[in-house]
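Engineer: The structure under discussion is supplied below as structure tokens; questions concerning it will follow.
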Amino acid sequence: MGKYLESVDLANKIKLPPNLLIYATMNTSDQSLFPMDAAFKRRWEWEYVPIDMSDAAQITVQIDEEISFLWSDFISKINKQIHEATKSDDKKLGNRFVSPKDMSPEKDGSQLIISKEQFVNKVLFYLWTEVYKDEHESGNTIFKSKEGDVDTIFSYNELFIKAGEYDLVKLKGFLEFNGIIA
């Protein structure tokens with residue numbers, strides 16, 4: 001071992017200043033990274049950052065010209081249901097779970113926008129695959145649609161008429177059933 005240390009060229013090593021801080025974020029719901037998350041948490045300082053509803057209130061989900069809602073309203077209601085279903089905080093949606101397409105608000109103070117495509121393809125896909133997929137048969141799911149006087153359970157793929165074309169009646173029924181819109 002001493003021989004190895006003698007052959008190391010210390011002049012060509014990278015030296016980091018002691019005041020260098022590296023910030024990184026981890027999403028606890030990314031289960032495939034759990035072993036790496038655990039290793040990072042053991043080796044470095046970390047801080048839990050709670051969901052920031054005031055930040056989420058700056059974001060609007062825009063389904064179409066008639067249907068829109070605040071991201072904060074959605075995650076507030078859905079996170080309660082996620083907790084009831086999973087008894088865990090790991091699967092909850094955060095204030096920046098999905099990045100708005102328009103990352104800079106207009107000068108007139110308008111909201112940042114999450115598009116219908118982002119909402120269905122990122123948010124609802126995550127909720128289906130990571131939280132509610134196995135709850136479909138039990139009925140303990142948010143994937144229900146209020147269509148008239150009837151509440152129907154549906155699966156994620158039923159939100160699509162064909163590739164890129166969404167079933168807006170089912171999507172609106174989902175939002176109504178979950179109390180997001182009236």
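The values are calculated or read from the model by the stated rules, or taken from the named source; none is laboratory data. For clarity, every value in this text was computed on a predicted model and none was experimentally measured. Cβ placement follows ideal geometry from the backbone for every residue including glycine, while neighbour counts extend to all protein chains displayed. Just so you know, the surface numbers come from the protein's heavy atoms only, side chains and all, with ligands and any DNA or RNA stripped out. Shrake-Rupley method; radii C 1.70, N 1.55, O 1.52, S 1.80 Å.
Engineer: Would you confirm, using the coordinates I've provided, whether Thr152 is farther than 19 Å from Trp71 by Cα, open to solvent by less than 80 Å² (accessible area, probe 1.4 Å), in a strand (DSSP E or B) and at pLDDT below 95? Spell out the reasoning first.
Structural biologist: Numbers: farther than 19 Å from Trp71 by Cα: yes; open to solvent by less than 80 Å² (accessible area, probe 1.4 Å): yes; in a strand (DSSP E or B): yes; at pLDDT below 95: yes.
So Thr152 fits the description; yes.
Engineer: Going by the conditions given, is Ala56 of a type outside the set (S, T, N, Q), surrounded by 14 or more Cβ atoms within 10 Å (Cβ to Cβ) and touching a strand residue (DSSP E or B) at 6+ places or on another chain (Cβ under 8 Å)?
Structural biologist: Values: of a type outside the set (S, T, N, Q): yes; surrounded by 14 or more Cβ atoms within 10 Å (Cβ to Cβ): yes; touching a strand residue (DSSP E or B) at 6+ places or on another chain (Cβ under 8 Å): yes.
It is true that Ala56 is of a type outside the set (S, T, N, Q), surrounded by 14 or more Cβ atoms within 10 Å (Cβ to Cβ) and touching a strand residue (DSSP E or B) at 6+ places or on another chain (Cβ under 8 Å).
Engineer: Further question on the same structure: Which count do you get for residues in segment 155-168 that are within 23 Å of Glu65 (Cβ to Cβ) and either in contact with a strand residue (DSSP E or B) (Cβ under 7 Å, 6 or more places away or on another chain) or surrounded by 15 or more Cβ atoms within 10 Å (Cβ to Cβ) (or both)? Break it down stepwise before answering.
Structural biologist: Step one: list which residues in segment 155-168 are within 23 Å of Glu65 (Cβ to Cβ), which gives 159-168.
Subset that is either in contact with a strand residue (DSSP E or B) (Cβ under 7 Å, 6 or more places away or on another chain) or surrounded by 15 or more Cβ atoms within 10 Å (Cβ to Cβ) (or both): 159-160, 166-168.
The number of residues fulfilling the criteria is 5.
Per-residue answers, yes or no, for (1) closer than 20 Å to Asn178 by Cα; (2) modelled with pLDDT under 95; (3) assigned to a loop (DSSP other than H, G, I, E, B):
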| site | (1), (2), (3) |
| --- | --- |
| Lys41 | no, yes, no |
| Pro50 | no, yes, yes |
| Arg96 | no, yes, yes |
| Pro105 | no, yes, yes |
| Asp108 | no, yes, yes |
| Asn121 | yes, no, no |
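Engineer: Going through segment 59-94 one residue at a time, which ones are over 13 Å from Leu127 (Cα atoms), open to solvent by 30 Å² or more (accessible area, probe 1.4 Å) and either of a type in the set (Gly, Ala, Ser) or in a loop (DSSP other than H, G, I, E, B) (or both)?
Structural biologist: Passing the criteria: Asp64, Glu65, Glu66, Ser68, Ser76, Lys87, Ser88, Asp89.
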